[in-house]
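The values are calculated or read from the model by the stated rules, or taken from the named source; none is laboratory data. Just so we're clear, the structure is a prediction, and the values are computed from it rather than from any experiment. Positions of Cβ are backbone-derived with ideal geometry, glycine not excepted, and every protein chain shown enters the neighbour counts. Accessible surface is based on the protein model in full, side chains and every heavy atom, while ligands, DNA and RNA are left aside. Shrake-Rupley method; radii C 1.70, N 1.55, O 1.52, S 1.80 Å.
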Amino acid sequence: MSKVIVITGASSGIGEATAKLLAKDGHQIVLGARREPKLAAIAQDIRSEGGKAVYNVTDVTKVEQVEALADLAIKTYGKIDVWLNNAGIMPQSQLIQKKISDWDAMIDINIKGTLYGIGAALPYMAQRESGHFIDISSVAGHVAHSGGAVYSATKWAVLAISEALRQEVADKGIRVTVISPGAVKTGLLGSVTDEGVRSGMEKFYDEYAIPVERVASTIKQAIDLPEDSSWNEVVIRPTRQML
Ligand code: NDP
């Protein structure tokens, strides 16, 4: 069955790959992110392959823009079946460095962006007693390490919010899935502002990271599961990644 799927952070990496994969399956895709040229090119790619996609420039830290993305889905396709809270950044650093603007940005994008997405889509899903939230956490939402305090805290928050949401909406037949990837080859390291941390992570990613299609196909499988069943939590790591 063709679904209406809204994806935040759809301009690159996991969001882009998932949009393209799901569009090939015949789903109707609503793309949101800040970089308009990227969104326009991805929507065009999807349409040129016979798929359906629209986009809105969406900064997930701006509640009115997230609401507008939900409205676009409703106006264009009439419903929201799946909302993928994927937008995120990972500027890791030691706490002693007091990179407060990085802390604020991670909290605003990774936590508040996820909440705004839930807030925008939940009324529509509750009305139809149908829907599916897929929230992207991280293995860093399960394991904390030096340098990753704030990123881990934000991804842990995604787990907590998603589990509470799951309990809140279970009796309405709304599904909630958290996907926690390990190292995946994307542009995410571009958000790391500390040179030393970035070069260390680049070495790690060069050695271990898996292609973005692995996560896209995990998201597709979560969506394809019969509606009476949910994957509530999936951790997908490179096999050789220890932590
Ligand atoms: P990318 O950097 O390739 O993608 C991140 C996406 O988030 C981009 O499309 C970016 O678009 C978007 N984004 C960033 N800030 C905002 C904002 N304020 N409003 C809207 N969109 C925003 O990295 P990934 O694909 O790897 O990241 C996707 C998710 O996966 C993130 O939540 C990340 O934490 C998570 N993850 C990634 C892992 C990895 O190893 N790659 C591992 C574990 C989790 P734009 O700049 O155009 O707004």
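May I ask you to give the percent of accessible area on the chain that is carbon plus sulfur, with a probe radius of 1.4 Å?
About 53 percent, which is the carbon plus sulfur part of the accessible surface.
With +1 on the Cβ of every Lys and Arg and -1 on the Cβ of every Asp and Glu, and nothing else charged, how large is the dipole of region 1-88 about its Cα centre, in debye rounded to the nearest 20?
140 debye
Straight distance only, please: which lysines reach the Cα of Lys203 with their own Cα at less than 16 Å, same-chain residues fewer than 8 apart left out?
Filter leaves Lys185.
At a probe radius of 1.4 Å, what is the per-residue accessible area of Ile210, in Å² to the nearest 10?
Ile210 has an accessible surface of roughly 30 Å² with all protein chains in place.
Which three numbers, in whole Å and largest first, are the semi-axes of the equivalent ellipsoid of region 18-68 derived from its Cα gyration tensor as √(5λ)?
They are 21, 11, 7 Å, listed largest first.
What accessible area per residue comes out for region 1-119, rounded to a whole number of Å², with a 1.4 Å probe?
43 Å²
How large is the accessible surface of Lys62 in square angstrom, using a 1.4 angstrom probe and rounding to the nearest 10?
Surface accessible to solvent at Lys62 totals approximately 80 Å².
Amide H neighbours of Lys185 under 5 Å, at least 5 residues apart or on other chains, H built in the peptide plane: list them.
Under 5 Å from the amide H of Lys185 lie the amide H atoms of Ile210, Val212, each far enough along the sequence or on another chain.
Mean separation of Cα pairs under 8 Å and 6+ residues apart, divided by the residue count of region 74-131: what relative contact order is that in percent?
Across region 74-131, relative contact order equals 49 percent.
Magnitude of the Cβ-charge dipole of region 4-236, K/R +1 and D/E -1, about the Cα centre, nearest 20 debye?
Roughly 280 debye for region 4-236.
Report the one residue of Ile100, Thr114, Ile42 whose Cα lies farthest in the direction of the positive end of the charge dipole of the chain (charges on C-beta: Lys and Arg +1, Asp and Glu -1; origin at the Cα centre).
Towards the positive end, the residue furthest out is Ile42.
At a probe size of 1.4 Å, how large is the accessible area of Met90, to the nearest 10 Å²?
Rounded to the nearest 10, the figure is 10 Å².
Using alpha-carbon pairs under 8 Å, 6+ residues apart, how would you state the relative contact order of the chain in percent?
Reported relative contact order: 20 percent.
Kirkwood hydrodynamic radius, computed over distinct alpha-carbon pairs, for the chain: how many Å, to one decimal?
It works out to 17.9 Å.
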